[in-house]
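K.L.:
Mind having a look at this structure? Questions to follow.
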Amino acid sequence: MKNIKLYIPKENELDFAKSLLNDPLTMAYNKGYDLKFAGYDKTTGCISHDRSFRKRWYDIYFFNPGHYFYAYIYDEDLKSFVGDVNFHPSSLGFLTRDIGIVIKNEYRGQGYGKAGLKLLIDKAFSFKNIKYLHNDFEKTRTYAYKIHTDLGFKIIGIEDNIVELVCEK
């Protein structure tokens, strides 16, 4: 098991988050979609936000515990951030949170995804108002599929090459 922990950044510590979203190699999984939100680059998958957006985002994610959560994945041996995790309200219902996990390209395939997802699951289920976690992604992302199912996520649907999974507390 990796020697990692979740690190909740302060507002002035969001440079790593910004660097993840602006790294074409890390965000390559995100390219080519017809996403309709400011800052998304369809050709690279990267997402850039201005300072005022980051301020609003920070206020939502860090001042609404149990509804929103964001943290860096920190490797204590490397003394380095290797990715990030988050959850936020889901359209599937009040007790459900959609999750996200991004591992920096250079750290992929080294076990950080599974270890980080496990920490996120534990954190989310520490809140009484969360009973389900939800994620969806392309069926071709076999490693993402494997770590989710290894940690208790079950398939609830597959449509247009997108697999949808839920984990229950």
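Coordinate-derived values only; no laboratory data. Because the structure is predicted, anything quoted here is derived from the model rather than measured. Cβ atoms come from the backbone with ideal geometry, glycine included; neighbour counts cover every protein chain shown.
K.L.:
Mind ranking 114-125, 67-78 by how tightly packed they are, going by the mean number of other C-beta atoms within 10 angstrom, highest first?
P.N.:
Descending packing order for the listed peptides: 114-125, 67-78.
K.L.:
Cβ under 12 Å from GLY100's Cβ, GLY100 left aside: what net charge do those residues give with Lys, Arg +1 and Asp, Glu -1?
P.N.:
Summing Lys and Arg as +1 and Asp and Glu as -1 gives -2.
K.L.:
Over the stretch 4-134, what is the percentage of antiparallel beta bridges among all DSSP beta bridges, to the nearest 5?
P.N.:
Once the DSSP bridges in the stretch 4-134 are tallied, antiparallel ones form about 85 percent.
K.L.:
Averaging sequence separations of C-alpha pairs under 8 Å and six or more residues apart, then dividing by the length of the stretch 4-134, give the relative contact order as a whole percent.
P.N.:
Once divided by the residue count of the stretch 4-134, the mean separation gives 23 percent.
K.L.:
Here's a follow-up. Using 11 Å as the cut-off for backbone N distance, which residues of the stretch 9-51 belong to the label zone defined by a point 7 Å from the Cα of GLU76 along Cα→Cβ?
P.N.:
none
K.L.:
What are the extents of the Cα atoms of the stretch 4-134 along their three principal axes, in Å, largest first?
P.N.:
39, 37, 28
K.L.:
Set the Förster distance to 22 Å, then compute FRET efficiency between LYS55 and TYR33 from the Cβ-Cβ distance, nearest 0.05.
P.N.:
0.25
K.L.:
Under the 0.36 nm per residue contour assumption, what length would be gained going from the current alpha-carbon distance of ASP122 and LYS5 to full extension?
P.N.:
So the extension gain works out to 41.0 nm.
K.L.:
So if I place +1 on the C-beta of Lys and Arg and -1 on the C-beta of Asp and Glu, and nothing else carries charge, what would the dipole magnitude of the stretch 4-134 be about its Cα centre? I want it in debye, nearest 20.
P.N.:
Roughly 340 debye, rounded to the nearest 20.
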